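A short write-up of the structure that comes next.
The values are calculated or read from the model by the stated rules, or taken from the named source; none is laboratory data. Since we're looking at a predicted model, the values are computed, not measured. So basically every Cβ, Gly included, is an ideal-geometry build from the backbone, and we count neighbours across all protein chains shown.
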Amino acid sequence: MTARFDTRWLRAGDRIQVVAPSGPFPVEDFERGVARLATRYDVVHDASITERAGYLAGDDERRLGELVAALEDSSVRGIVAARGGYGATRLLDRLEVQAVRDHPKLLVGFSDITALHALWARAGLGAVHGPMVAALGRGDDGMFDRWVRAVEGEAMEPVGGLSTVAPGDARGPLLGGNLAVLAALVGTPHAPPLDGCVLFLEDVGERPYRVDRMLTTMAQAGWLARPAAIVLGAFTDASAGPDGVEIEHVLRERLADVGVPVLAGVPAGHGDDNLELPLGTVAVVDAERGILSFEP
């Protein structure tokens, strides 16, 4: 039986809190993104959100306190990350699955927010893998309109024209996100529940050999034998090194024989187009025809 996740879709006028659990962000982009969100939602954020501590958006206590406060505030219906970067994994030891389950809210973000998506999945909650506030500030109205449709639960059109890495058909709740963040959760108690899922993977700035290493780690930990299917998003800024090995070769060589259907080319991740994906929603993989679709 396919696991079902509880997704708390947003509606116009809902209160959303913007948080920065990872890295700092360009303030101008952030302010434009908040202004755009405020045309449809009641947007709040902590006054300390622009703090910096090196590559972090403030120290762990600031970032943790902000996230917990957003989670526990009954007036907040959704939590949207300002941007990714690094830092969310540092908070996981102090975040309880039951607390997330007791205060169900929609979480929106990607990249480093994959660590929190894993926590939401462990709590049985759906989320949205998609652009964050700083990106909304840089984007256009069309991008924002699509984002709104995604976070408000509008049925997604099938994604076609995908490349077959391994044939077959499968279905399961869509989980996953950034490969590097997921690989860093191997061997920890914070890993997402992958059994029977459709595992989505994307990354940025990782040379092919490093992607090989991360996929090998996941395979050796048994992670790649657990999903019903695997779908690949953008692997950007992943140019070949002096050895000439391309990222496409690595992905096919490491994933073609894992024993499940595998599709590549989903326009989501750190690319020019970051399609919003409903994590926890049942995804249907037709690797013969190169189509990824979603059940209502």
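None of PRO267, PRO192 is in contact with a strand residue (DSSP E or B) (Cβ under 8 Å, 6 or more places away or on another chain), part of a loop (DSSP other than H, G, I, E, B), touching a residue at least 24 places away in the same chain (Cβ under 8 Å) and within 25 Å of LEU92 (Cα to Cα) except PRO192. Residue selection: ALA127 fails the criterion of being surrounded by 17 or more Cβ atoms within 10 Å (Cβ to Cβ) and over 23 Å from LYS105 (Cα atoms).
When you scan the range 270-279, how many residues do you find that are assigned to a strand (DSSP E or B) and among the aliphatic types (A, V, I, L, M)?
Taking the range 270-279 and keeping what is assigned to a strand (DSSP E or B), we get 277-279.
When the remaining residues are screened for being among the aliphatic types (A, V, I, L, M), the result is 277, 279.
Qualifying residue count, the range 270-279: 2.
Among the residues of the range 1-40, which ones are touching a Gly at 6+ places or on another chain (Cβ under 7 Å) and of a type in the set (Phe, Trp, Tyr)? PHE5, TRP9, PHE30 - these are the residues of the range 1-40 that are touching a Gly at 6+ places or on another chain (Cβ under 7 Å) and of a type in the set (Phe, Trp, Tyr).
For the criterion of being in contact with a strand residue (DSSP E or B) (Cβ under 7 Å, 6 or more places away or on another chain), more than 28 Å from PRO193 (Cα to Cα) and surrounded by 15 or more Cβ atoms within 10 Å (Cβ to Cβ), VAL43 passes.
For ARG83, which of the numbered conditions (1) within 14 Å of the chain's Cα centre (by Cα); (2) farther than 15 Å from VAL18 by Cα; (3) of a type in the set (D, E, K, R) fails to hold? If we test ARG83 against (1) within 14 Å of the chain's Cα centre (by Cα); (2) farther than 15 Å from VAL18 by Cα; (3) of a type in the set (D, E, K, R), just (2) comes out false.
With respect to the conditions (1) over 18 Å from the mean Cα position of the chain (by Cα); (2) of a type in the set (A, V, I, L, M, F, W, C); (3) closer than 19 Å to THR164 by Cα, ALA240 lacks only one, and its number is (3).
Kindly check whether there is at least one residue in the range 39-57 that is assigned to a helix (DSSP H, G or I), in the same structural domain as GLY126 (by TED's automatic domain parsing) and farther than 17 Å from VAL108 by Cα.
Filtering the range 39-57 for residues assigned to a helix (DSSP H, G or I) gives none.
The answer is no, given that none of the residues of the range 39-57 is assigned to a helix (DSSP H, G or I), in the same structural domain as GLY126 (by TED's automatic domain parsing) and farther than 17 Å from VAL108 by Cα.
Scanning the range 239-264 for residues that are closer than 25 Å to VAL108 by Cα and either small (Gly, Ala, Ser) or part of a loop (DSSP other than H, G, I, E, B) (or both) returns a single hit, ALA264. Filtered by the rule that a residue be surrounded by fewer than 20 Cβ atoms within 10 Å (Cβ to Cβ) and in a loop (DSSP other than H, G, I, E, B), the range 130-155 gives GLY139, ASP140, GLU152, GLY153, GLU154, ALA155.
Looking at the range 59-123, what helices (runs of 4 or more DSSP H) fall wholly within it and have at least 3 residues that are over 19 Å from ALA191 (Cα atoms) and without any contact (Cβ under 8 Å) to a residue 40 or more places away in the chain?
Numbers: elements: 60-72, 97-102, 114-122.
Output list reads 60-72.
In the range 4-18, is there at least one residue being over 23 Å from GLY124 (Cα atoms) and either surrounded by 15 or more Cβ atoms within 10 Å (Cβ to Cβ) or modelled with pLDDT of 95 or more (or both)? Reasoning before the result, please.
Going residue by residue through the range 4-18, those that are over 23 Å from GLY124 (Cα atoms) are 12-13.
With the extra rule that they be either surrounded by 15 or more Cβ atoms within 10 Å (Cβ to Cβ) or modelled with pLDDT of 95 or more (or both), the set shrinks to 12-13.
Yes: the range 4-18 contains one or more residues that are over 23 Å from GLY124 (Cα atoms) and either surrounded by 15 or more Cβ atoms within 10 Å (Cβ to Cβ) or modelled with pLDDT of 95 or more (or both).
Residue-level check: of (1) at negative phi; (2) surrounded by fewer than 24 Cβ atoms within 10 Å (Cβ to Cβ); (3) within 16 Å of the chain's Cα centre (by Cα), HIS117 misses just (2).
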